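See structure below.
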Amino acid sequence: MTDTHAEHAAPDYQAFLDHHLGLQQFPIASYRIGAEQVWIKRAGASHGLWGYRALGAVAALLGLQALRPVPNRGGQEAIATEVRRMRDLAAQGLRVPQVLAAAPDGFLMRHLGIPGVEAPSLGNAMEVAVPAGPEVVLALWRQGVDAITHVHTKGLCLSQAFARNMVLCPDGALAYVDFEDDPQAALPLPVCQVRDMLCYAHSTAIYLRQTGALDEAHALWVQWLASPHQLPQARATLATTVRRLGWLRHLPQDRRWGRDAQRLRAAYDLLQPAD
């Protein structure tokens, strides 16, 4: 006789995590629990802080608070930070991976997409869409802007708001991933929100340029900055940062100095003030 209660009992996620955590070789790996797809992220090595101090000194010398690095010690501290932030952001109504179980050395989270089907990042989706032309790329870019706006209007910030850290879910909505650091533990909220803008511009502007959509995106960016939801301190911080990065306009638009220089130049052209 079939035990229907056992068939429908919820999986013991904590036991699953505890069993697999010590056996897992890679920092993150996918598993199946019945028909469900889950991921385990385990703690890596702890990081020293000397590099962060050096970068912080350079940012302070240039007067660019928004470029100050946020310390990420790695190891168990990074795991604890990520679990706490994902649970806090979920409680605020943001779409993040659901934490199913946690331990000092790692945590178990639910897959954001359909089991067995990759959920692409917004960055990958924009890159793949380049041959489709400016309208498709611009629509994806605006979706990312809207996703960041949703976070900021709640008085929150992300960790590293690169397009690779936004995931397209099966219903077309964006989710947010990667929260190993907590910018608000080190910086004021307006500065944290400017960091979100800078990360997003740096990771997306090159695709706008490649499709000829950069000018239209720049006009939309100016409108976005002028919208009432933006904190005045964030607008002022961003304006100061872009002004002091004015030397970036001298970088070539082509790939003579490499892809990184090309990304920086495209990001600067997106961020520059309106004429």
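Criterion first (within 30 Å of A236 (Cβ to Cβ), at pLDDT 95 or above and crowded, with 20+ Cβ neighbours inside 10 Å) does A147 satisfy it?
yes
For (1) more than 19 Å from the chain's Cα centre (by Cα); (2) part of a helix (DSSP H, G or I); (3) in the same structural domain as V151 (by TED's automatic domain parsing); (4) surrounded by fewer than 16 Cβ atoms within 10 Å (Cβ to Cβ), each residue gets a yes or a no:
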position	(1), (2), (3), (4)
L187	no, no, yes, no
D196	no, yes, yes, no
Y207	no, yes, yes, no
D215	yes, yes, yes, yes
Q223	yes, yes, yes, yes
P228	yes, no, yes, yes
A236	yes, yes, yes, yes
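Restricting attention to region 152-171, report how many residues are out of contact with any Leu (no Cβ under 8 Å at 6 or more places or on another chain), assigned to a helix (DSSP H, G or I) and under 16 Å from A205 (Cβ atoms).
0
Residues that are at pLDDT 95 or above, out of contact with any Lys or Arg (no Cβ under 6 Å at 6 or more places or on another chain) and polar (S, T, N, Q): does region 64-80 have at least one?
Within region 64-80, none of the residues are at pLDDT 95 or above, out of contact with any Lys or Arg (no Cβ under 6 Å at 6 or more places or on another chain) and polar (S, T, N, Q).
What single numbered condition from (1) under 26 Å from D215 (Cβ atoms); (2) in the same structural domain as A43 (by TED's automatic domain parsing); (3) of a type outside the set (D, E) fails to hold for V96?
Just one mismatch for V96, condition (1).
Starting from region 87-98, take each residue that is surrounded by 14 or more Cβ atoms within 10 Å (Cβ to Cβ) and list its partners that are modelled with pLDDT of 95 or more and of a type in the set (F, W, Y), counting only C-beta distances under 9 angstrom and pairs at least six apart or across chains.
L89/Y176; L89/F179; L94/Y176; R95/Y176; V96/Y176; V96/F179; P97/W39; P97/Y176
Considering only region 10-22, state which residues are at pLDDT 95 or above and either of a type in the set (S, T, N, Q) or not in a helix (DSSP H, G or I) (or both).
Residues satisfying the conditions are D12, Q14.
Looking at M109, M126, which one is touching a residue at least 12 places away in the same chain (Cβ under 8 Å), touching a helix residue (DSSP H, G or I) at 6+ places or on another chain (Cβ under 8 Å) and in a helix (DSSP H, G or I)?
Just one listed residue meets the conditions, M126.
Please indicate, with yes or no, whether at least one residue in region 25-38 is of a type in the set (G, A, S), modelled with pLDDT under 90 and out of contact with any His (no Cβ under 6 Å at 6 or more places or on another chain).
no
Can you tell me which residues in region 82-106 are outside any helix (DSSP H, G or I) and within 28 Å of H202 (Cβ to Cβ)? Write out each step before concluding.
Residues of region 82-106 outside any helix (DSSP H, G or I): 92-106.
Residues satisfying the conditions are Q92, G93, L94, R95, V96, P97.
Which count do you get for residues in region 137-151 that are touching a residue at least 40 places away in the same chain (Cβ under 8 Å) and closer than 16 Å to Y207 by Cβ?
Summing the residues that are touching a residue at least 40 places away in the same chain (Cβ under 8 Å) and closer than 16 Å to Y207 by Cβ in region 137-151 gives 6.
Residue-by-condition table, conditions (1) in contact with a strand residue (DSSP E or B) (Cβ under 7 Å, 6 or more places away or on another chain); (2) under 30 Å from L21 (Cα atoms):
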site	(1), (2)
L122	yes, yes
S159	no, yes
F162	no, yes
Q193	no, no
H202	no, no
L208	no, no
A217	no, no
W221	no, no
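So, A173, is that one farther than 19 Å from R263 by Cβ and among the small types (G, A, S) or not?
yes
Pairs under 9 Å by beta carbon, first residue at positive phi in region 32-55, partner of a type outside the set (F, W, Y) and modelled with pLDDT of 90 or more, six or more apart or different chains?
Close Cβ pairs (under 9 Å, with a partner that is of a type outside the set (F, W, Y) and modelled with pLDDT of 90 or more) amount to G34/P11.
If A161 satisfies every condition in (1) of a type outside the set (S, T, N, Q); (2) surrounded by fewer than 21 Cβ atoms within 10 Å (Cβ to Cβ); (3) at pLDDT below 95 but one, which is the exception?
Every condition holds for A161 apart from (2).
How many residues does region 172-185 contain that are in a helix (DSSP H, G or I) and either at pLDDT 95 or above or among the aliphatic types (A, V, I, L, M) (or both)?
Final tally of qualifying residues: 1.
The values are calculated or read from the model by the stated rules, or taken from the named source; none is laboratory data. Just so it is clear, the model here is predicted, and its values are computed rather than measured. Quick reminder, even Gly has a Cβ in these numbers, built from the backbone with ideal geometry, and neighbours come from all protein chains shown.
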